[in-house]
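Here's the structure we're looking at; comments come further down.
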Amino acid sequence: MTKPVLATSVAATPDAIAKVFALRSAVFMTEQVCPYDEEFDGNDFCAATHILGTVNGEPAGVLRVRFFADFAKIERLAVLPRFRHSLIAKLIVEKGIEICRRKGYRTLYGHAQKRLTRFWEKFGFRPMAKNFPLVYSDHEYVEMQADVEPGTDAITIMSDPYLIVRPEGHWDAPGPLDRSSERPATNPH
């Protein structure tokens, strides 16, 4: 039997976002019977990054990361049932944490279903002392926090301006505006 090919990427195209939403609908709305308005809460296009995980090229899992002033919120991890015994959930979470570290975040925050707190502890998350009782879509949640070190290559205001404007998660490869810089300015006014 061949080993499955697992991959993660930032969902940066309409097609990739459609896959993210289809996966979340299947897991949260169908499997967990989450109401539509609770799953699609208005935060998907507000300073959010979506991670798409695939197994052999097939969409398998997703994660949403939202960014606040001094913390990033890891949320909406969903993996299709047939892929839950693969390592795709682990890779998706690691990709989300990697992006947060690259952006210089030191604090990660999330809401874990009570039954899944041990999973999140594997990534350094721990229940918060202030834990406010949370119930969403008929599940009890625990507030969790992880402290991480920013990446040694964390993006700061002093970073190369072309790096800062590159597509999310692709900061180390030249982007469209890098190519634009090869042309002389013809509209100086």
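The values are calculated or read from the model by the stated rules, or taken from the named source; none is laboratory data. From a predicted model like this one, the values you see are computed outputs, not experimental measurements. For neighbour counting, all protein chains shown are included, and Cβ atoms are generated from backbone atoms with ideal geometry for every residue, glycine included.
List of remarks:
- Restricted to region 46-72, and to residues there that are more than 25 Å from VAL148 (Cα to Cα) and of a type outside the set (Asp, Glu), the residue that is farthest from the chain's Cα centre (by Cα) is ASN56.
- ALA185 meets the conditions (1) at pLDDT below 90; (2) part of a strand (DSSP E or B) in every case but one. The failed one is (2).
- When the test is whether a residue is surrounded by 13 or more Cβ atoms within 10 Å (Cβ to Cβ), assigned to a helix (DSSP H, G or I) and among the small types (Gly, Ala, Ser), ALA26 passes it.
- Test: residue in region 33-49 that is under 19 Å from ALA12 (Cβ atoms), in contact (Cβ under 8 Å) with a residue 12 or more places away in the chain and β-branched (Val, Ile, Thr): yes
- The number of residues in region 122-141 that are in contact with a strand residue (DSSP E or B) (Cβ under 6 Å, 6 or more places away or on another chain), part of a strand (DSSP E or B) and either at pLDDT 95 or above or of a type in the set (Gly, Ala, Ser) (or both) comes to 1.
- Residue match in region 154-172 (condition: closer than 20 Å to PHE71 by Cβ, without any contact (Cβ under 8 Å) to a residue 40 or more places away in the chain, among the β-branched types (Val, Ile, Thr) and in a loop (DSSP other than H, G, I, E, B)): yes
- Residue within region 49-57 that is in contact with an Asp or Glu (Cβ under 8 Å, 6 or more places away or on another chain) and either within 26 Å of TYR105 (Cα to Cα) or among the β-branched types (Val, Ile, Thr) (or both) present: yes
- Taking region 53-121 and the strands (runs of 3 or more DSSP E) fully enclosed by it, no element has 3 or more residues that are exposed (fewer than 15 other Cβ atoms within 10 Å of the Cβ) and in contact (Cβ under 8 Å) with a residue 12 or more places away in the chain.
One line per residue, one yes/no per condition, for (1) hydroxyl-bearing (Ser, Thr, Tyr); (2) more than 29 Å from GLU58 (Cβ to Cβ); (3) under 19 Å from the mean Cα position of the chain (by Cα):
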{"site": "ARG101", "(1), (2), (3)": "no, no, yes"}
{"site": "TYR105", "(1), (2), (3)": "yes, yes, yes"}
{"site": "LYS114", "(1), (2), (3)": "no, yes, no"}
{"site": "LYS122", "(1), (2), (3)": "no, no, yes"}
{"site": "ASN131", "(1), (2), (3)": "no, yes, no"}
{"site": "MET144", "(1), (2), (3)": "no, yes, yes"}
